[in-house]
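**Student:** Got a structure for you, written out below as structure tokens; questions coming shortly.
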Amino acid sequence: MMNEPALNGMACTDRDRRDPLLRPGNSNCGGCGMSNLLQMLRRATGERELKMVVPACCAAVTGGSFPESVFGIPAIMSTFASAASVATGVAAVAQLNGEETRVICLAGDGGTYDIGMGTLSAAAERNEDILYICYDNEIYGNTGGQRSSATPAGAATTSTPRGKQETKKDIIGIMAAHRIPYAASISLAHIDDTLRKLQFALDARGFRFLHVLSPCPTGWKSEPAMGIELVRLAVRSGLFPVFEVFDGERYVINIEPEFSNEALMMYLSLQRRFRNTGVTEESLQPNIERYWNYLRLMSGRIVPAKRN
Ligand code: SF4
């Protein structure tokens with residue numbers, strides 16, 4: 001099993017922003033996927049002018065208390081529910097001032113799938129000029145590890161100690177239904193694809209949505225050094241599809257998984273959140289197959305049967 005650094009061992013190159021987006025001294029747990037994401041975003045953004053809005057999730061805590069900030073760009077903390085609205089205002093002011101600033105909303109799954117869904121949906125429907133990035137750690141990490149609607153079936157959380165019963169919401173499908181210019185899922189284990197998507201989303205205008213599977217050693221009960229490997233196993237097994245959707249209708253599958261049962265078994269066994277909850281490779285397979293059939297249909301790889 002490989003245990004490699006996220007950026008192929010290169011912590012910093014000439015292409016990286018001089019000031020990191022997440023500075024040393026932050027309070028993220030070791031192995032936090034959000035830290036990896038911000039390092040990759042550092043490379044993707046270069047010296048672009050950015051502003052960031054963060055709801056009351058783990059990224060808000062790691063930012064620290066005013067007047068200190070671990071973020072290398074201007075960042076506003078908002079309530080859970082209002083992040084997309086606050087970002088709308090920041091983007092509108094930047095446009096009025098003729099700035100080239102890109103406004104990024106950085107939110108966890110609780111702030112995206114659940115509490116922030118109202119303002120997120122409204123901003124997407126208005127096609128606001130925002131890049132919304134959801135780092136999905138599949139729990140409410142900042143408030144003690146409760147279930148969210150992003151928590152997968154079978155995962156134990158502090159509010160579902162015997163394992164969650166319901167399956168994970170299809171967040172990309174929901175965002176695509178708003179017919180936004182761009183929505184994509186991102187695997188932190190596939191660096192080229194990740195950087196390409198971050199750069200594309202930064203260059204595009206209108207509402208862009210990125211969904212990042214973000215390992216959380218605290219909530220997943222996994223080893224901090226195994227985060228990137230866990231993402232790779234999720235992709236290999238078909239559990240985390242990597243694809244993009246243009247204008248809500250053109251689906252493109254970026255990585256064809258092996259649908260490896262061994263990878264799925266490893267994914268489950270390396271996280272204590274799946275122990276003693278009854279979840280097995282066999283219990284997950286039908287949902288994986290169902291979702292992949294849907295994706296193949298949407299991407300045109302299966303032509304639906306014609307009715308007579
Ligand atoms: S609880 Fe999870 S998401 Fe939050 S900082 Fe720690 S590892 Fe990151």
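**Student:** Return the whole-Å distance between the Cα centroid of region 70-131 and the Cα centroid of region 157-186.
**Tutor:** Their Cα centres are 19 Å away from one another.
**Student:** Under the 0.36 nm per residue contour assumption, what length would be gained going from the current alpha-carbon distance of residue 125 and residue 203 to full extension? Let's see the in-between values first.
**Tutor:** Numbers: separation 78, 0.36 × 78 = 28.08 nm, distance 2.00 nm.
Difference between extended and current length: 26.1 nm.
**Student:** Same structure, new question: If you roll a 1.4 Å probe over the heavy atoms of the protein chains, what accessible area per residue do you get for the chain, in Å²?
**Tutor:** Details: 13660 Å² over 308 residues.
Heavy-atom accessible area per residue stands at 44 Å².
**Student:** With a ≥ b ≥ c taken as the square roots of the eigenvalues of the C-alpha gyration tensor of region 197-308, please select rounded if a/c is under 1.5 and otherwise prolate if a/b is larger than b/c or oblate if it is not?
**Tutor:** It comes out oblate by the Cα gyration axes.
**Student:** Of the cross-linked pairs 51/197; 51/221; 51/168; 168/221; 164/197; 169/221, which ones have a Cα-Cα span greater than 25 Å in the structure shown?
**Tutor:** On the way: 51/197 19 Å; 51/221 33 Å; 51/168 30 Å; 168/221 19 Å; 164/197 31 Å; 169/221 22 Å.
Distance filter (> 25 Å) returns 51/221; 51/168; 164/197.
**Student:** Could you tell me what percent of the accessible area of the chain is made up of carbon and sulfur, with a 1.4 Å probe and every protein chain present?
**Tutor:** Values: 7350 of 13660 Å².
Here it works out to 54 percent.
**Student:** Please give me the summed charge of the neighbours of residue 220: other residues whose Cβ is under 15 Å from its Cβ, Lys and Arg +1, Asp and Glu -1. Walk me through the intermediate numbers first.
**Tutor:** Details: positive: 147, 164, 168, 221, 232, 272, 273, 275; negative: 109, 136, 138, 223, 229.
Charge balance near residue 220 sits at +3.
**Student:** Specify the longest stretch of the chain that does not include any exposed loop site, a site being one of the GluC sites (Glu not before Pro) with a non-H, G, I, E, B DSSP assignment and at most 16 other Cβ atoms within 10 Å.
**Tutor:** Details: sites that count: 47, 49, 68, 99, 100, 166, 249, 258.
Segment 167-248 is the longest.
**Student:** Just the number, please: percent antiparallel of the DSSP beta bridges in the chain, rounded to the nearest 5.
**Tutor:** On the way: 9 of 32 bridges.
Among the beta bridges of the chain, antiparallel pairing accounts for roughly 30 percent.
**Student:** Restricting to Cα atoms and excluding each atom paired with itself, what does the Kirkwood estimate give for the chain in Å?
**Tutor:** This gives a value of 19.6 Å.
**Student:** Relative contact order for region 133-253: what percent, with Cα pairs under 8 Å and sequence separation of 6 or more? Display every interim value, and only then the final one.
**Tutor:** On the way: 208 pairs, mean separation 33.2, N = 121.
This gives 27 percent for region 133-253.
**Student:** Let me ask something else about it. Could you tally the net charge around residue 211, taking each other residue with its Cβ under 15 Å from the Cβ of residue 211, Lys/Arg +1 and Asp/Glu -1? All intermediate terms of the calculation are to be shown ahead of the outcome.
**Tutor:** Working: positive: 168, 169, 197, 208; negative: 109, 114, 136, 138, 170, 193, 244.
Neighbourhood net charge equals -3.
**Student:** Grab the DSSP H runs of the chain that are 4 residues or longer, score each as -39,500 (n - 2.57), total them, divide by all residues and round the 222 nm result to the nearest 500 deg cm²/dmol. Don't skip to the end; give the middle numbers.
**Tutor:** On the way: 10 runs with 102 residues, N = 308.
The helix-only estimate for the chain comes to -10000 deg cm²/dmol at 222 nm.
**Student:** Leaving ligands and nucleic acids out of the surface, order 193, 114, 136 by accessible area at 1.4 Å, largest first. The partial results should precede the final answer.
**Tutor:** Numbers: 193 25, 114 50, 136 0 Å².
So, going from the largest accessible area down, we get 114, 193, 136.
**Student:** Can you tell me how region 14-101 classifies by the Cα gyration tensor, rounded, prolate or oblate, using a/c under 1.5 as the rounded cut?
**Tutor:** Working: a/c = 1.97, a/b = 1.17, b/c = 1.68.
Oblate.
**Student:** Summing Lys, Arg as +1 and Asp, Glu as -1, what charge do residues with Cβ under 14 Å from the Cβ of residue 52 carry, residue 52 excluded? If you can, show how the numbers build up before the last one.
**Tutor:** On the way: positive: 17, 23, 42, 48, 51, 102; negative: 19, 49.
My count for the surroundings of residue 52 gives +4.
**Student:** Still on this model: Do any trypsin sites (Lys or Arg not before Pro) in region 23-81 lie in a DSSP loop with no more than 14 other beta carbon atoms within 10 Å, and if so, which? Each step should come with its number before you reach the end.
**Tutor:** Details: sites: 42, 43, 48, 51; in loops: 48.
When the trypsin sites (Lys or Arg not before Pro) of region 23-81 are filtered for loop state and at most 14 Cβ neighbours within 10 Å, 48 remain.
**Student:** Rounded to the nearest 5, what is the percent of antiparallel bridges among the DSSP beta bridges in region 19-147?
**Tutor:** Antiparallel bridges: around 15 percent, rounded to the nearest 5.
The values are calculated or read from the model by the stated rules, or taken from the named source; none is laboratory data. Note that the structure is predicted; figures quoted are calculated from it, not measured. Note: ideal-geometry Cβ built from the backbone for every residue, glycine included; neighbour counts use all protein chains shown. When the accessible area is computed, the model is the full protein with side chains, heavy atoms only, and any ligands, DNA or RNA have been set aside. Shrake-Rupley method; radii C 1.70, N 1.55, O 1.52, S 1.80 Å.
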